[in-house]
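Encoded as structure tokens, the structure appears first; notes follow it.
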Amino acid sequence: MEEAKNVKSSATEKSVITHFCASCGRDISVIGDSVIFKCPNCGDEIVRCGKCRIKGTEFQCHACGFVGP
Ligand SMILES: [Zn+2]
Ligand SMILES: [Zn+2]
């Protein structure tokens, strides 16, 4: 009997989820004080790095286009 190997390795692989700042596009794992919060408009996740938080840089929701401070 042949052993069927149909398991998708990508689904079982442990991959680190990388989040990128919605304002500057940097990987937030290398920047401290980064936050992930819900878009006040659509509730989707918005990622913001600590640097952009301090500077008050505008962010834009990738899902609905909401722009906010
Ligand atoms: Zn940023
Ligand atoms: Zn949104």
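Just so you know, all these numbers are worked out from the coordinates, no wet-lab data involved. The shown structure was predicted, so the numbers you read here are calculated from the model rather than taken from an experiment. Backbone-built Cβ (ideal geometry, glycine too); neighbour counts: all protein chains shown.
Check which residues have an amide H placed less than 5 Å from C39's amide H, if you skip close sequence neighbours.
D44, E45, I46
How charged is the neighbourhood of K38? Take every other residue with its Cβ under 10 Å from the Cβ of K38, and add Lys/Arg as +1 and Asp/Glu as -1.
-2
Ranked from highest to lowest mean number of other Cβ atoms within 10 Å per residue, what is the order of the peptides 51-59, 20-28?
Working: 51-59: 14.7, 20-28: 17.1.
Result, highest mean Cβ count within 10 Å first: 20-28, 51-59.
Using 0.36 nm per residue, how much length does the chain from F66 to I31 gain when fully extended, once their Cα-Cα distance is taken away? All intermediate terms of the calculation are to be shown ahead of the outcome.
On the way: separation 35, 0.36 × 35 = 12.60 nm, distance 2.36 nm.
Taking 0.36 nm per residue and subtracting the Cα distance, the gain is 10.2 nm.
Using 5 Å bins from zero, what percent of all Cα-Cα pairs in region 18-68 falls into each bin?
Values per bin, smallest distances first: 5, 25, 34, 23, 11, 1.
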